[in-house]
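Below is one structure, written out as structure tokens; the observations come after it.
We did not get these values from a lab; they are worked out from the coordinates using the rules stated. Everything numeric here is computed off the predicted structure, so don't read it as measured data. As a convention, Cβ positions derive from the backbone with ideal geometry for all residues, glycine included, and neighbour counts pool all protein chains shown.
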Amino acid sequence: MSVPVQIALSVGGAGLVSPADAVRIAAAAEAAGVVALRLTDTGAALDPTVVAAYLAGIHGGIGYLPELPTTGNAPFNAARRILSLDRATGGRAGVVLRPGRGDAVSELTAPEPGLTDPVRRWGEYAHILTRLWESFPREALIGDRDAGVLVDDALIRPIGHEGAHYRVAGPLDGPSSVQGRPVLVADLGVLDLATVAAVADVVVVDLAHAAEVDAALRTAGRARDDITLIGRVTEIPDPAWRGPLDGFELAVTGGADEILAAIAALEPRPPAATLRGAYQTVAA
């Protein structure tokens, strides 16, 4: 089944995949054409962005999707961290943005402090990320030594965001991604489809809800082709069945050996130049 497959992986201490085994899994996934490793944040796991940077330094031909909650992460800092990972991987990075609470930095200047709706916060946060990632276009980076011009600052724009939860001026201090911007993934969970469909590039759902989510995405105001719908599974379904899904997230029950066995059973898929390109190259 030559469709996008991403692997969910928790790297850390007891009961989780060790860093050494994560390297083995990344190597096997890269060879099999797996789109990305989703590095989950279980509380016991190592910081997913640190794990992503470590693995990408060894196996750079696969995408990395660290989970990042809104809790404790100011959006400007998060945007810089993910974009730095994206530049280091040549456009093979994204983020699974998880809903949660705010952060101490943002609360100091929040236009409406004390709000608690995680869905509303997630939507605003995701909107800020995408705008920050586009605030310093790559074409603004001139690098003309003879003329003494490093950047065309007329192309760099502050986002000037003032919402209910955040006040962010921007812009970022580095150029945008070779893939346009890092891939933004939403795990549907408590999030509502209208919020997710407005901004997410990839949506992860349980198989039981795949048909209804697909139908809703087709009436959400964006082209359905702009959103990759990924179904969460513990094993890849029969190749004759794909339903409305564009790909799968494989969350294997077991440890490193079981994950490696599942990867070995996948139909190899040719790599794409970027993570975004890998999701967009969906088999007919």
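So what is the orientation-averaged projected area of the range 142-279, using the convex hull of its C-alpha atoms, in nm²?
Averaged projected area of the range 142-279's Cα convex hull equals 13.0 nm².
The chymotrypsin sites (Phe, Trp or Tyr not before Pro) of the range 233-283 that DSSP puts in a loop, and whose beta carbon has at most 10 other beta carbons within 10 Å, are Trp241.
Past the 17 angstrom mark, what percentage of all C-alpha to C-alpha distances in the range 1-107 do you count?
Counting every Cα pair in the range 1-107, those more than 17 Å apart make up 52 percent.
Less than 5 angstrom separates the built amide H of Val183 from those of Ala93, Gly94, Val95, all sequence-distant by 5 or more or on a different chain.
Of interest is the spacing of the C-alpha centroids, which for the range 187-215 and the range 7-64 amounts to 24 Å.
Measuring nothing but how far apart in sequence close Cα pairs (under 8 Å, 6+ apart) lie, relative to its length, the chain scores a relative contact order of 22 percent. Taking the C-alpha atoms only, the angle from helix 75-88 to the longest principal axis of the chain is near 60 degrees.
For the chain, the convex hull spanned by the alpha carbon atoms encloses 141 Å³ per residue. Here the sum of -39500 (n - 2.57) over DSSP H runs of 4 or more residues, divided by the residues of the chain, equals -8500 deg cm²/dmol at 222 nm, to the nearest 500. Expressed as an acute angle from 0 to 90° and rounded to the nearest 10, what is the orientation of the C-alpha long axis of helix 19-32 relative to the principal long axis of the chain? Here the helix axis deviates by roughly 80 degrees.
Here the range 192-264 is treated as a sphere whose radius is the Kirkwood value from Cα pairs; by Stokes-Einstein at 4 °C and 1.567 mPa s it diffuses with a coefficient of 98 µm²/s.
Taking trypsin sites (Lys or Arg not before Pro) in DSSP loop states with no more than 15 other Cβ atoms inside 10 Å as exposed sites, the chain has its longest site-free stretch at 1-100. Close amide H partners of Ile142, meaning residues 5 or more places away or on another chain with modelled amide H under 5 Å apart, are Val151, Asp152.
Report for the chain the percent antiparallel among DSSP-assigned beta bridges with both residues inside it, nearest 5. Beta bridges within the chain, antiparallel portion: roughly 15 percent. For Thr71, the residues whose modelled amide H falls within less than 5 Å of its own, excluding neighbours fewer than 5 places apart on the same chain, are Gly100, Arg101. Scaling the Cα radius of gyration of the range 126-215 by the globular reference 2.2 N^0.38 Å produces a ratio of 1.44.
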